[in-house]
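Comments concern the structure below.
The values are calculated or read from the model by the stated rules, or taken from the named source; none is laboratory data. These figures come from a predicted structure and were not determined experimentally. As a convention, Cβ positions derive from the backbone with ideal geometry for all residues, glycine included, and neighbour counts pool all protein chains shown. Quick note on the areas: whole protein, heavy atoms, side chains included, nothing else; ligands and nucleic acids left out. Shrake-Rupley method; radii C 1.70, N 1.55, O 1.52, S 1.80 Å.
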Amino acid sequence: MKRVLVIAAAAALAAAAWPSPPQYKVVATFDSNFRAPFDAAIAPNGNVYIDDFVSILYFTPTGSFLGSWGLLRPSHDEYVYPSGICVVPNANVYATLGDNLTYLVQYFNATGSFLGSWGSDRSGNRRFGWPSGIAHGPNGYIYVADKGRDYVQYFTSTGSFVGMWGSHGTGNGQFSYAGHVAVRPNGDVYVADYRNNRVQYFDSTGSFRGKWYVSSPLGLDVAADGTTFVGSWLRQTVEYYTAAGSFLGSFGGPGSGLGSFDHPTGIAVTPDLRRVYVTDAGNDRVQYFDQTNPAVVPASLGRVKALFR
């Protein structure tokens, strides 16, 4: 009888302690006057970088302004607009940018000193139709989603072409407006396939692994454990899923109040899932949300047995 009670108690305690899907509550907005924030990225030291209209701005983790710089643009372009940003482990900052004439990736050090660029407005390797999302992988490569030509290319950190996959269409591995891209620490690559209303994911060289439905996905980031955060342009929410696409929860909704969105275009999540930054483009602001139910580690059967000795 004692053994039965111990096993029953262990099962009940483990079930009660097993972590439920995380929940998030808005904390604050960043202390800045944004013009059109479109994407966010977190640096190794926790600082947050935002691409905003024709500039890149960076902040402390709680939103205090630290600095900014303008993007370099060819003489024939009055403006060059950023649409994606990432920060690599050595703290260099990469941004995709373009207007109707210029399509480039530019990269800088952590405080904005220009280091290099690559790309153009024609088809082929190192060339873009309109580069959108950008992310770095554990292999050191830079992945760029191209919404103009519906493929993903990947490069060395200095822009040497390595490989590509994708085409326009609705099949597996095809895209219709390939928006943001994110890379999981195990190397899997996630792509927001906007007009096909889905997220697809691949191995590090583009072999298709899976997909799931999301209404008009645009903003995208993946936490260390594979939890995937997606901004829905139509629903005005941020939704989050397991690494294979099982729904976990959502937050936000249409509006201008704190915690609501008018087009959540960019997402950056801390590796431990504790904080999520969202560029709220239509409201010209950046909001951040904290987890309200930190994970609880289940009690072991050995610990429960000890209670009954």
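Would you calculate the convex hull of the Cα atoms in region 96-229 and tell me its volume per residue in Å³?
In region 96-229, the Cα convex hull volume per residue is 106 Å³.
Tell me the net charge near Tyr58. Cut-off is 12 Å between Cβ atoms, Tyr58 excluded, with +1 for each Lys or Arg and -1 for each Asp or Glu. Kindly include the intermediate steps, with their values, before the conclusion.
Numbers: positive: none; negative: Asp51, Asp52.
Around Tyr58, the surrounding residues sum to -2.
Long-range amide H contacts for Leu115: which residues qualify at under 5 Å (H placed 1.01 Å from N, peptide plane, sequence gap of 5 or more or a different chain)?
Tyr107, Phe108, Asn109
Give me a comma-separated list of calculated 3J(HN,Hα) values for region 159-174, in order, Karplus coefficients 6.51, -1.76, 1.60 applied at θ = phi - 60°, integers in Hz, x for any Gly or Pro.
x, 6, 5, 10, x, 7, 7, x, 6, 6, x, 10, x, 4, x, 9
Using modelled backbone amide H atoms (1.01 Å from N, in-plane), which distant-in-sequence or interchain residues come within less than 5 Å of Asn196's amide H?
Result for Asn196 returns Ser176.
Taking amide H positions as placed 1.01 Å from N in the peptide plane, with prolines and chain starts having none, which residues 5 or more places from Gly163, or on another chain, fall under 5 Å of its amide H?
Answer set, sorted by chain and number: Tyr154.
What figure, in Å² to the nearest 10, do you get for the accessible area of Arg195 with a 1.4 Å probe and non-protein molecules left out?
Taking all protein chains as shown, Arg195 has close to 140 Å².
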